[in-house]
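Enquirer: Here you go, one structure.
Derivation of every value follows stated rules applied to the coordinates shown; laboratory data play no part. For clarity, every value in this text was computed on a predicted model and none was experimentally measured. Every residue, glycine as well, gets a Cβ built from its backbone with ideal geometry; the counts of neighbours run over all protein chains shown.
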Amino acid sequence: MRSEKSKMLAGELYIANCPEIAADAARARAWMCRYNASLGASAEERHALLAEQFAAVGEGAVVRPPFHCDYGYNITLGRGVFLNFNCIVLDVVAVTIGDLTQIGPGVQILTPDHPRDPAERRAGLEFGRPIAIGANVWIGGGALIMPGVTVGDDAIIGAGAVVTRDVATGATVVGNPARPR
């Protein structure tokens, strides 16, 4: 019998309030308390804190506090990645952000999804779809990146855009829902 956490990490339907996942979420909340109190710390100290919780953190990656996530251990940041203040990454499955990508304040990257079947939702089931953001991407403030989206290298996502579909390499998308410009 597979654990709810192993189902979560595989992107399958799972129950989020199981003890193992709840313990991971509690550890992430404790880490966020420390990280979000680190605004006055050096870049090296904040980088070390990120490396404690994230799957991987590239050289020179910066995440300005406050920052919020579900678990952290599903987040991979490439070299020179920059996340501005008040970003949220809900990482029930993998979130990968490529080298030199810049993310504006208040951006939300959201992997959790919910069944369309009301009986499954009533049963407390959910699942995640991974998000992959390429290299040298610019995401404007307040944008939302929805579950399962892939953003190609060198793309631009306008401020406030709601990205519900994949974004091609080099494309610029704006609006709600985000469309090529």
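Enquirer: Go through His114, Ala25, His47 and say which Cα lies farthest out towards the positive end of the charge dipole of segment 4-180; charges sit on Cβ, +1 for Lys and Arg, -1 for Asp and Glu.
Expert: His114
Enquirer: Cut-off is 10 Å between beta-carbons; in what order do His114, His47 appear when sorted fewest neighbours first?
Expert: By the 10 Å Cβ count, ascending, the order reads His114, His47.
Enquirer: Moving on to the next point. Over all distinct alpha-carbon pairs, what is the Kirkwood Rh of segment 91-132 in angstrom?
Expert: Final number for the Kirkwood radius of segment 91-132 is 12.1 Å.
Enquirer: Then there is this: What FRET efficiency comes out for Ala123 versus Arg64 if R0 is 45 angstrom and r is the Cβ-Cβ distance? Round to the nearest 0.05.
Expert: My answer for the efficiency is 0.70.
Enquirer: Also: Find which of Pro147, Gly11, Thr76 sits farthest along the positive direction of the dipole of the chain, computed with +1 on the beta-carbon of Lys and Arg, -1 on that of Asp and Glu, about the Cα centre.
Expert: The Cα lying farthest towards the positive end belongs to Pro147.
Enquirer: Which of the trypsin sites (Lys or Arg not before Pro) found in segment 51-155 are in a DSSP loop and have at most 11 neighbouring Cβ atoms, other than their own, within 10 Å?
Expert: Listed in order of number, the matching sites are Arg116.
Enquirer: How far, in nm, would the chain grow between Asn17 and Arg179 when pulled straight, counting 0.36 nm per residue and subtracting the alpha carbon separation?
Expert: Working it through step by step, the gained length comes to 54.7 nm.
Enquirer: Against the globular-protein guess of 2.2 N^0.38 Å, express the Cα radius of gyration of segment 60-181 as a ratio, rounded to two decimals.
Expert: 1.03
Enquirer: Under a Cβ-only charge scheme (Lys and Arg +1, Asp and Glu -1), can you give me the dipole magnitude of the chain about the Cα centre, in debye to the nearest 20?
Expert: Using Cβ point charges on Lys, Arg, Asp and Glu, the chain gives about 380 debye.
Enquirer: Given a Förster distance of 35 Å, report the FRET efficiency between Ser3 and Glu45 from their Cβ-Cβ distance, rounded to the nearest 0.05.
Expert: 0.55
Enquirer: Of Tyr73, Tyr14, how do they rank once you tally other Cβ atoms within 10 Å and put the fewest first?
Expert: The fewest-first ordering by Cβ neighbours comes to Tyr73, Tyr14.
Enquirer: Applying the Karplus parametrisation 6.51 cos²θ - 1.76 cosθ + 1.60 with θ = phi - 60° to the phi angles of segment 50-61, what ³J(HN,Hα) value in whole Hz is obtained for each residue in order, glycine and proline being reported as x?
Expert: 4, 5, 5, 10, 8, 4, 7, 9, x, 4, x, 5
Enquirer: Between Ala56 and Val162, what is the label-point separation in nm under the 7 Å Cα-to-beta-carbon projection?
Expert: Label at Val162, label at Ala56, 3.3 nm between them.
Enquirer: Right, another one. State which stretch of the chain is the longest one without any exposed GluC sites (Glu not before Pro), exposure meaning a DSSP loop state and at most 15 other Cβ atoms within 10 Å.
Expert: 60-181
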